[in-house]
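Shown next, in structure tokens, is the structure this report addresses.
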Amino acid sequence: MQRRKPSPILYSYFRSSCSWRVRIALALKEISYDTVPVNLVKDGGQQFSAEFKEMNPMQQVPALKIDGITLSQSLAIIHYLEDTRPKPRLLPQDPKKRAQVRMIADHIVSGIQPLQNLSVLKQMGEKKTEWAQNCIASGFRALEQTLKHTAGRYCVGDEVSMADLCLVPQVFNAERFQVDMGPYPTITRINKALLELEAFKVSHPSRQPDTPAELRA
């Protein structure tokens, strides 16, 4: 009798935008998985436990146990899923569009999100909301201009891509920090279209096992 392969295990926090990117990818590719919640606030941050540090020395979520390995960093995880489970594809076949997808993903993942991450905001004290608003607005001004050249229905053309997996969680963060989205009609339009898709709905922070009752959908 053949042994059943264990399900992937995602170490995640309901409101982590990095975790949400991976949840969307898993949903789009119809990969069933188990969730282990890691509360980034409770107990001084469960990501700092010795057990979790051994698994992910960066002490960040997400981490994904899959195929006998443990991966951290959301884009590295998504690239692995793309390499091993290529349908539906999240990177276009056309080299120019593929480069645009990676550019937009990096713009968000490297140029916006880390600047308003929990660890940074802790250092900002009372100015954390103003800081987050300024960082997101600065990044969105540039992103809006880029998307005017690349967007179709979604960030690059009419197919959902890795760029879209990064966009939606970042807009969620912007709304959390009460960023005025008026100056970003392209970002707003794409975000609205993506949130109509089932994979983005089921992976939403309001529908996770560790979502507090008052924030549940």
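The values are calculated or read from the model by the stated rules, or taken from the named source; none is laboratory data. Not measured: the values here are computed from a predicted model. FYI the Cβ positions are ideal-geometry reconstructions off the backbone, even for glycines, and counts take in every protein chain you see. For the accessible areas, the whole protein counts, side chains as well, though only heavy atoms, and no ligand, DNA or RNA atoms are used. Shrake-Rupley method; radii C 1.70, N 1.55, O 1.52, S 1.80 Å.
Descriptive notes on the structure:
- Test result for Val109, assigned by TED's automatic domain parsing to the domain that holds Gly152 and either surrounded by fewer than 19 Cβ atoms within 10 Å (Cβ to Cβ) or closer than 30 Å to Lys148 by Cβ (or both): yes
- Pairs meeting the criteria (first residue in the stretch 49-64 and loosely packed, with under 10 Cβ neighbours inside 10 Å, second residue among the small types (Gly, Ala, Ser) and modelled with pLDDT of 90 or more, beta carbons under 9 Å, at least 6 apart or on different chains) are Pro57/Ser72.
- Exactly one residue out of Arg89, Arg102 is outside any helix (DSSP H, G or I), among the basic types (Lys, Arg) and open to solvent by 40 Å² or more (accessible area, probe 1.4 Å): that is Arg89.
- Residue list for the stretch 39-48, restricted to those being part of a loop (DSSP other than H, G, I, E, B) and open to solvent by 50 Å² or more (accessible area, probe 1.4 Å): Val41
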